[in-house]
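First the structure, in the form of structure tokens, and then the observations on it.
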Amino acid sequence: MVMVRPPSDGGRSEGVPRSNSVAIKQPTRTDVIMGTAVLRRTVLRLGLVALFVGATVWTVLARRVIPLGSEPRSTPQKPGAEAWAIRGGEGRTASIWCRNGGLITINELWETIQNAFLQHSFEFSPPLDSDDAADDHWGAIDVGYQPVHPGATEIRPGGISIWASYIDEGRDDGLAEAAVDEIARQLGQEALMARSGRITVEDHIMSSLRAYELEVVHPGDMADRISAVIERFIASRLDGLVYVGGFGIFDVNLHPIAKPH
């Protein structure tokens, strides 16, 4: 009689397929609670990161578009011919009368100011990358600048406004006549007879093809220095004569031609 030994070590008899299944452990209540807690912490962290990023982006955009502590400024309105030069209030005004009919772009003005004050920040309205800034016949600009005093970091919006008049193109009729009358009242008739190169101040103004007007909203150290840079650049570029309300008439190098008595 032959004895048959059954397969050892959990083996299977020949012809019976071997199972490859693996036992899966069912999650306990503790596992579920811990997994839920991890998921909640992850969602909370992602939410805080998104909130921080959103706040940072908003702050950057707000500082670039609307500086803190200011309201949006619209394009400055050009004053009429009857009030082009000396307007009451705290502001300082100047005008540049140019006998050269060339054009000065907004980007050229920005480069001139930036090169003169490399350590300071400026903002232009309209923005330098806008269609209005690309127009050679721009009408008005606001220049925001960083004041010079300890701890100053914010841009002061609209500190200087500039208007351009294209007299030779038939615009702003009567502007030159109004300027001559204003200078006669403020400085006297002899100021009009002072020489600007080969001609008198009056002849220079009356033959001007371009006129640029500046108004400094907050007169002071930085604003006056920026204005002087702008005035000298435009005057030297376009054969200009500079009249600063209350201070006198100046040549392209800002040397005085006529002063108040």
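The values are calculated or read from the model by the stated rules, or taken from the named source; none is laboratory data. This structure is a prediction, so every number in the text was calculated from the model and none was measured. For neighbour counting, all protein chains shown are included, and Cβ atoms are generated from backbone atoms with ideal geometry for every residue, glycine included.
Tabulated data
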item	result
Residue check for ILE205: farther than 12 Å from CYS98 by Cα and of a type in the set (Val, Ile, Thr)	no
Test: ASP168 is assigned by TED's automatic domain parsing to the domain that holds ILE104, outside any helix (DSSP H, G or I), farther than 17 Å from THR105 by Cα and out of contact with any Cys (no Cβ under 9 Å at 6 or more places or on another chain)	no
Elements of type strands (runs of 3 or more DSSP E) in the stretch 176-261, at least 1 residues being assigned by TED's automatic domain parsing to the domain that holds ASN115 and on the phi > 0 side of the Ramachandran plot	248-250
Counted residues, the stretch 104-154 - those being assigned to a loop (DSSP other than H, G, I, E, B) and either modelled with pLDDT of 85 or more or of a type outside the set (A, V, I, L, M, F, W, C) (or both)	23
Among (1) in contact with a strand residue (DSSP E or B) (Cβ under 7 Å, 6 or more places away or on another chain); (2) over 15 Å from SER165 (Cβ atoms) - the single one TYR212 does not satisfy	(2)
Selection count where residues are over 15 Å from ALA184 (Cα atoms), touching an Asp or Glu at 6+ places or on another chain (Cβ under 9 Å) and either small (Gly, Ala, Ser) or buried (at least 17 other Cβ atoms within 10 Å of the Cβ) (or both), scope the stretch 243-261	2
